[in-house]
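Working notes, beginning with the structure itself.
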Amino acid sequence: MGIEIQILDWIQNLRSPAGDILMPVITSLGNAGIIWIALTIVLLIFPKTRKTGAVLTAALILDVILCNGMIKNIVARMRPYDRNPVVELLIQGPGDYSFPSGHTAASFAAVSALYFGGERYLWKPALVLAVLIAFSRLYLYVHYPTDVLGGVLLGMLCGYLGNRIVQGNRKNAKSD
């Protein structure tokens, strides 16, 4: 864990007045997956994007079950600001465990759901936002780098599985 604290401390050296304003705003977009839930609702409204909305729905449900419902509680990893309390937090410290990053997992579940769902134009800007949200978690000292990496991998898995679930249901519906 020493190298992870060193990485976080190095990122703290990148802090700036603009970053100190921007990073809490960026991270707030991932609070409770709200930006991704809003996008899901929009996609579900329009018939042309409804399939992708279903993939995104499945991915986000899988993510919340696996990330917040299971893995965080099994691993029960202390957050970096609890180990290094001298760092001034720019947001209120989350009250749950650190691994994996839920903000990152939901963001990458959304990106991969958009990709696997065939949204050629949406997944790329979503990826930029997901990367910014993931970085914000490090900048704000609320996650270790491996928390974010774990969130990326879990999110991608959830996006893939969400697509498989929807594709499987579509195939089954056609064969009935």
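The values are calculated or read from the model by the stated rules, or taken from the named source; none is laboratory data. Since this is a predicted model, take the numbers as computed values, not measurements. Cβ sites come from the backbone with ideal geometry, for glycine too, and all protein chains shown count toward neighbours.
Of the set (1) of a type outside the set (Phe, Trp, Tyr); (2) surrounded by 20 or more Cβ atoms within 10 Å (Cβ to Cβ); (3) within 30 Å of residue 163 (Cβ to Cβ), all apply to residue 80 but (3).
Of all the listed residues (137, 77), the sole one being modelled with pLDDT of 95 or more and closer than 18 Å to residue 33 by Cβ is 137.
Quick one: residue 93 ticks every box in (1) crowded, with 19+ Cβ neighbours inside 10 Å; (2) free of Cβ contacts under 8 Å to residues at least 60 places away in the same chain except a single one, so which number is it? Among (1) crowded, with 19+ Cβ neighbours inside 10 Å; (2) free of Cβ contacts under 8 Å to residues at least 60 places away in the same chain, residue 93 violates only (1). So which pairs qualify, if the first residue must be in the range 149-165 and among the aliphatic types (A, V, I, L, M), the second must be outside any helix (DSSP H, G or I) and surrounded by 22 or more Cβ atoms within 10 Å (Cβ to Cβ), the Cβ gap must be under 7 Å, and the two must be at least 6 apart or on different chains? Going by the 7 Å Cβ cut-off, the qualifying pairs are 154/100.
Within the range 32-61, being farther than 14 Å from residue 117 by Cβ and touching a helix residue (DSSP H, G or I) at 6+ places or on another chain (Cβ under 6 Å) holds for 33, 35.
Of 77, 50, 83, all but one fail to be more than 18 Å from the chain's Cα centre (by Cα) and closer than 22 Å to residue 102 by Cβ; the exception is 83.
Take the residues in the range 96-118 that are part of a loop (DSSP other than H, G, I, E, B) and touching a residue at least 40 places away in the same chain (Cβ under 8 Å), then tell me which one is surrounded by the most Cβ atoms within 10 Å (Cβ to Cβ). Ranking the qualifying residues of the range 96-118, first place goes to 101.
Between 86, 131, 142, which is outside any helix (DSSP H, G or I) and surrounded by fewer than 18 Cβ atoms within 10 Å (Cβ to Cβ)?
Values: 131 fails: outside any helix (DSSP H, G or I); 142 fails: surrounded by fewer than 18 Cβ atoms within 10 Å (Cβ to Cβ).
That would be 86, the only listed residue that is outside any helix (DSSP H, G or I) and surrounded by fewer than 18 Cβ atoms within 10 Å (Cβ to Cβ).
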